[in-house]
Amino acid sequence: MRLAFVILKKELREVLAQRALMVSLVITPVLFTLMPLLLMASVPELSGPNDDLVKAQIAIGQQFSLMLLMLPQLLPAVLAAQSVVGEKMRRTLEPLLATPISTTELLAGKIMGAVLPALIATWGAALIFAIGTVRIGVTPAVAAAILRPGWVLAILISSPLLSVIAVGLAVLISARVSDPRAAQQLSALLVLPLVGALAGQSMGLLGSSMTFGIGLDLVLAPLAVGVLALAVRVFEREAILTRWK
Amino acid sequence: MNDLAIEAEALVRRFGDRTAVDALNLSVPRGSVLGFLGPNGAGKTTTVRMLGALIAPTSGKARVNGHDVTTAQDKVRRSVGILTETPGLYERLPALGNLTLYAELHGMRGRAAKDRAKHYLGLVGLADRGHELAGGFSKGMKQRLAIARALLHEPEVVFLDEPTSGLDPEAARTVRDLVLDLKKAGRTIVLATHNLVEAELLSDQVAVFDTRLLAIGTTRELRARMAGQGTRITLAHPERDGARAIEIAGLARSRRSDRFLDVDLADAASENAALIAGLVSAGIEVTWVEARSATLEAVYLDLVGRKK
């Protein structure tokens, strides 16, 4: 698997060299973090003398804390579209496939290259959100109610799993469509399930309890393994070389 | 070790109903240059991809460096270098970064990979441009960088797909010199090209290909095959000696145009001496004697035209 790390290194260097991509990698998590923090901070100013500030801040914080789980799907989908589809569009895939690298090593490197920056951004955003919540909360009870173990578990474990699923699906799409632009557009649809989950959370159907976190991971883990295995299986080097124009 | 670097036997590749390569038989000796000529869409790139173990044949067999392209793809990829139709460089990475990446993909590590990359950058005349982004390079520089990438793992067999396409004359010459250096170093080279002059200049053998192999041989053999064997004699005094020269050479096998007397000979090597002696002893002044042959372009157009 050494060659997977060679690809990973190349992917990271390419990400760092793309200013627009770096901006989207930074701006999106910043927005996802600042929005709830600013809302929580504005609660004391907007509320009346009889309002329960603690309850209001907890409601906002819990509502938005799960939004951070969109990042591990949103960010790698952009990166994966760049790394797999973009590679073919820039005609760099054929020389790469002419080397002794195996399909598994190539995909592992590419998936890590998309997942790693997204995870760093997600965990960075979650850390800032956690620190901000502790600082902004009118009492310690606010942070305790928002930063529950279930949420921490979701950020630490579910995030990488969601990233892997998103990138695996992006690779699957890339391998099965004949037009790179279609692959990019379809990859953008990968965030839709998370939007649905967020809506569910808003309606109180999903929570950030430990049970919710563990349950989520138990569903995501086999899904991630399945998507990865399928991605390796359907990534036909030959079809990608000969079908894409 | 087998004397043949490339052997293909009844190699076929189909894409759906379309046959891109049909029953290709090919033998390329080690250390030789094969010019692979054919029109656009003839299947040259598909052939290179099959021989480089990038795509599998639909049927037939091929061995490159003794490795089967279907069952030993990894070994084939390790022993061949491919210059693809487009350079396909990582434009946001520096030239040195591009080559180091490929050195690492071919198994070199750390310092060794970087040193090898620097060596090949120097070989293609880009030693002082290694830290510049590949995206900022001219077309010729990109092509040279891509050639360095195809060579840096020192493969036994090198496939060059249109290596001088779009290059200015100076850059094209640098590439041609590089091909000759590789040949001197004992590498086997397959040169897929539209440039007939280049093919003639560099190749030991030329294959004319349009879905199937139309002809293969040295350029001299191909030209002789089309033109037949013969001798072209330049007369010093065509008006005075023309008619007599035709009479001596044989009316049925001779033609004159201007100063040239073209004589068809079944075996030029053995008949030439008697022919010239006969002309000279008859007092006919001869200024030049040369083997008559068609140009490679005429041979190519004839073969491809006949196929259509």
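The values are calculated or read from the model by the stated rules, or taken from the named source; none is laboratory data. Computed from a predicted structure; not experimentally measured. Quick reminder, even Gly has a Cβ in these numbers, built from the backbone with ideal geometry, and neighbours come from all protein chains shown. SASA here: full protein model, heavy atoms, side chains in, ligands and nucleic acids out. Shrake-Rupley method; radii C 1.70, N 1.55, O 1.52, S 1.80 Å.
Can you pull out the trypsin sites (Lys or Arg not before Pro) in segment B:83-183 whose DSSP state is coil and whose Cβ has at most 12 other Cβ atoms within 10 Å? Present the calculation step by step, with values, prior to reporting the outcome.
Details: sites: B:R92, B:R109, B:R111, B:K114, B:R116, B:K118, B:R129, B:K139, B:K142, B:R144, B:R149, B:R173, B:R176, B:K183; in loops: B:R92, B:R109.
Answer by residue number: B:R109.
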Inset, instruction - Please give the solvent-accessible surface of B:Y120 in Å², to the nearest 10, using a probe radius of 1.4 Å with every protein chain present. - result: 10 Å²
Inset, instruction - At a probe radius of 1.4 Å, figure out the A/B buried accessible area, summed over both chains, and give it in Å² to the nearest 100. - result: 2600 Å²
Inset, instruction - Specify which residue in the list B:A117, B:A236, B:L196 is farthest towards the positive end of the charge dipole of segment B:117-236, using unit charges on the beta carbon of Lys, Arg (+1) and Asp, Glu (-1), about the Cα centre. - result: B:A236
Legend entry - Estimated dipole of the protein assembly as shown in Debye, rounded to 20 [Cβ of Lys and Arg +1, of Asp and Glu -1, Cα centre]: 580 debye
Legend entry - Relative contact order computed over segment B:34-78 (Cα-Cα under 8 Å; 6+ residues apart), in percent: 27 percent
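What size of dipole, in debye to the nearest 20, comes out for segment B:14-143 about its Cα centre when the only charges are +1 on Lys and Arg C-beta atoms and -1 on Asp and Glu C-beta atoms?
On the way: 19 positive and 10 negative charges, 53 e Å.
Rounded to the nearest 20 debye, it is 260 debye.
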Legend entry - Dipole of the protein assembly as shown, positive direction: furthest Cα of B:G38, B:T295, B:H106, with charges on the beta-carbon: B:H106
Inset, instruction - Would you give the gap between the C-alpha center of segment A:117-167 and the C-alpha center of segment B:108-182, rounded to a whole Å? - result: 48 Å
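Over chain B, what is the mean sequence separation of C-alpha contacts under 8 Å (at least six apart), divided by residue count, expressed as relative contact order in percent?
Numbers: 586 pairs, mean separation 58.0, N = 308.
Here the relative contact order equals 19 percent.
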Inset, instruction - Work out Dmax and Rg for segment B:1-97 from the C-alpha atoms and quote the Rg first, both in angstrom. - result: 14.6, 43
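Normalised by the number of residues in segment A:11-118, what is the relative contact order in percent for Cα pairs under 8 Å and 6+ residues apart?
Numbers: 52 pairs, mean separation 39.3, N = 108.
That works out to 36 percent.
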Inset, instruction - Give the residue from A:L127, A:L147, A:P76 lying farthest towards the positive end of the charge dipole for segment A:1-155; charges sit on Cβ (+1 for Lys and Arg, -1 for Asp and Glu) and the dipole is referred to the Cα centre. - result: A:P76
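Run the dipole for chain B about the Cα centre, Lys and Arg Cβ at +1, Asp and Glu Cβ at -1, nothing else charged, and hand back the magnitude in debye, nearest 20.
Values: 42 positive and 38 negative charges, 190 e Å.
Computed about the Cα centre, the dipole is about 920 debye.
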Legend entry - Amide H contacts under 5 Å for B:A215, placed H, 5+ residues apart: B:V208
Inset, instruction - Compute the separation of the alpha-carbon centres of segment B:48-103 and segment B:195-274 and state it in Å as a whole number. - result: 41 Å
